[in-house]
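What follows is one structure encoded as structure tokens, with my remarks underneath.
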Amino acid sequence: MKGKNAFQAVPLFKGAAFFFRIALLLVSILLFSCSGRYPRIHDVRYRIIILQGPNDTTPQETLSLALDITDEDGIEDLEAVALVQDAEELYWKIRRDQWEWKPFAGGKWLVCSGLLSQPGRPFPRGGYRVVVTDLAGYRAEREFSLSAEPFRGTFPSIQKKGGMLVLYPGSGSTLLVLTSSTGSTLGSFPLKRGENSLQPILASPAIRTQVKEFFLYSKTSDGDGPIWVKGPYEGSKFFFSREETKDPVQEVQ
């Protein structure tokens, strides 16, 4: 689950130091734009993700960014991504070992997941700036507006009953996602209201031997709104409790 790698907002530079930094940034962009070797941000997409623990903890809003970026020296030349919200003076910095490259719209986009706002607060709505820096110090900047509506959905919940999973759905459709100890996805299964058989889930050797945690993903039918995620649940404890047979593999074969 990528949300584990969370990047907390920190206060931005204030007063004269803040404006001096902005002035330097503008000068550097103007200077580097003449060299033709600076990075370019072609597009910015974002997704609000709402997290809730398995014990109905207070929901936490997180943000994922997807950036369409090129660099004439190669994308391996990129060093850092900064997200800036000037109105609230908030700042996030993501290093190159904290992002992923994922296929989207015919290309590969830089994806930053797990960004957190200030404790107990949602992300401020309004204008943001994304600043990308490469190893040579060249920068590119692009603005976007975060305009998502406040979250009003209901999280699903789940129980185990014999060889069945019982889903109590929330506001949207529900997807069960199982992960390993390294965070790799082992499988995903759409769940319906009420009873769902465990057999297709436990038929996977990878899930039987490697499952560490699982999550319940929900989204609206149009897919344009936020995603809300409940978890993590303890996978091995949930699926293979001591009260059951000692050999769950035999049970599903």
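Tabulated values for the structure
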read-out	value
Subset tally (residues that are within 13 Å of the chain's Cα centre (by Cα) and either assigned by TED's automatic domain parsing to the domain that holds Tyr168 or buried (at least 19 other Cβ atoms within 10 Å of the Cβ) (or both)) for region 38-47	1
Residues of region 89-114 satisfying the condition of being more than 20 Å from the chain's Cα centre (by Cα) and without any contact (Cβ under 8 Å) to a residue 40 or more places away in the chain	Gly106
Meets criteria (within 25 Å of the chain's Cα centre (by Cα) and either closer than 24 Å to Leu110 by Cα or assigned by TED's automatic domain parsing to the domain that holds Ala87 (or both)) for Thr174	no
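The values are calculated or read from the model by the stated rules, or taken from the named source; none is laboratory data. Bear in mind the structure is a predicted one, so any value in this text is a computation, not a measurement. Heads up, the Cβs are rebuilt from the backbone with ideal geometry, glycines too, and the neighbour counts pull from every protein chain shown.
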